[in-house]
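Novice: Dumping the structure here so I can ask a few things about it.
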Ligand code: ADP
């Protein structure tokens, strides 16, 4: 049977020697992951010593070894650093595409006071709609706001704020796209709609990492992150890496979506990120002619779930045709019509979340 490219890469890396121990890097356990796609090779090297020179040599030797495999067209080596023998930071894993020692505490967000993740356990529940309108609501109450669309499987931010601009870059830093008073970044600005990228776990991490580290976010009060949907390994690692101040979860009222929410809550609990609450989206529809409320998905179970797990139900956002229309038109409702009742819900929610952040920060310091 023909040897797979993955095996060939493993074999090539088995020839790379750490000269201190005289052992190869595979048997030393430094090779953590190898993925291949046609001729493209991605792999992760996890160093556990801060020895820039030595690590650099291993990095270069690995690149050379992989490059010698026939058929390899592209190599992407991600280096991570896992501190050993240090209780406080035993789980502290950072990812960097370069070989400088990664500094998790300065992931490019150091000038941003609060980082809030907007998550959902699955796609299509309105996570991006909520992220954009919540970001506009924070701007409305006077905060300087960044919005990172980390949902790289389906980046919808460019459409939602009506921007087709390409971010400018001087080769070192990438500038944000500024619109409606928000500083924004999305993979959707860089890639072509017609050629969707198939993201693997490792690539997702690298792409998001670059959007954080290489983007000139400047100084801001708050960053809203529209997370990739789901509660898998990617989301878990991101949650740990992003040094989140807190998170909110978006769900629709159906039972099935709520099962996913519980899964999402458990993920955040594992990472000790404060959960400010659940936002129920598309909770009901108000008939414009009669003013009668209709529950599109049947009776909501969110309240019961929130109570059972001791989370707050932050808001019940109705299914609103204008909210959807403004997403399509590329101008968030909350920015365009802040007096609209749905915009007012987002503004109240922003005030509420800000209070919660401050309370939480206060209890951290006392
Ligand atoms: P997700 O980010 O969870 O995949 P989106 O925010 O892209 O979901 O929303 C999916 C679709 O639902 C979009 O067309 C959006 O305009 C619409 N939508 C989301 N929330 C509402 C709402 N409360 N009322 C009306 N339409 C909504």
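Novice: Just for the Cα atoms in region 1-69, what are the lengths along the principal axes, largest first, rounded to whole Å?
Specialist: The Cα atoms of region 1-69 stretch 37, 19, 19 Å along the principal axes, largest first.
Novice: Per the Cauchy relation, a quarter of the hull surface: what is the mean projected area of the convex hull of the alpha carbons in region 292-363, in nm²?
Specialist: Reported value for the Cα convex hull: 6.7 nm².
Novice: Report the dimensions of region 196-317 along its three principal axes from the alpha-carbon atoms, largest first, rounded to Å.
Specialist: 51, 33, 33
Novice: Same structure again: Over the residues of region 240-289, compute the C-alpha Rg and express it relative to 2.2 N^0.38 Å.
Specialist: Output field value: 1.42.
Novice: Cβ neighbours within 10 Å, averaged per peptide: list 239-250, 204-215 in order, most packed at the top.
Specialist: 239-250, 204-215
Novice: Starting from 0 in steps of 10 Å, tell me what percent of the Cα-Cα pairs of region 105-364 lands in each bin.
Specialist: All Cα pairs, binned at 10 Å, distribute as 7, 32, 39, 19, 3, 0 percent.
Novice: Right, another one. How would you rank 124-130, 67-73, highest first, on the average number of other Cβ atoms within 10 Å across their residues?
Specialist: Ranking the peptides 124-130, 67-73 by packing returns 124-130, 67-73.
Novice: Sticking with this structure for a sec: Using only C-alpha positions, report the orientation-averaged shadow area of the convex hull of region 111-200, nm², one decimal.
Specialist: 7.0
Novice: Let me ask something additional. Using mean Cβ contacts within 10 Å as the protection proxy, how do 144-156, 27-39, 267-279, 225-237 order, highest first?
Specialist: The densest-packed peptide leads the list: 144-156, 225-237, 267-279, 27-39.
Novice: Also, I was wondering about something else. Taking 8 Å as the Cα distance limit and 6 or more residues as the minimum spacing, I'd like the relative contact order of region 10-83 as a percentage.
Specialist: Over region 10-83, the number comes to 34 percent.
Values quoted throughout were computed directly from the atomic coordinates according to the rules given, and no laboratory measurement underlies them. Please read all numbers here as calculations on a predicted model, not as lab measurements. All Cβ positions, even for glycine, are placed from backbone atoms using ideal geometry, and neighbour counts span all protein chains on display.
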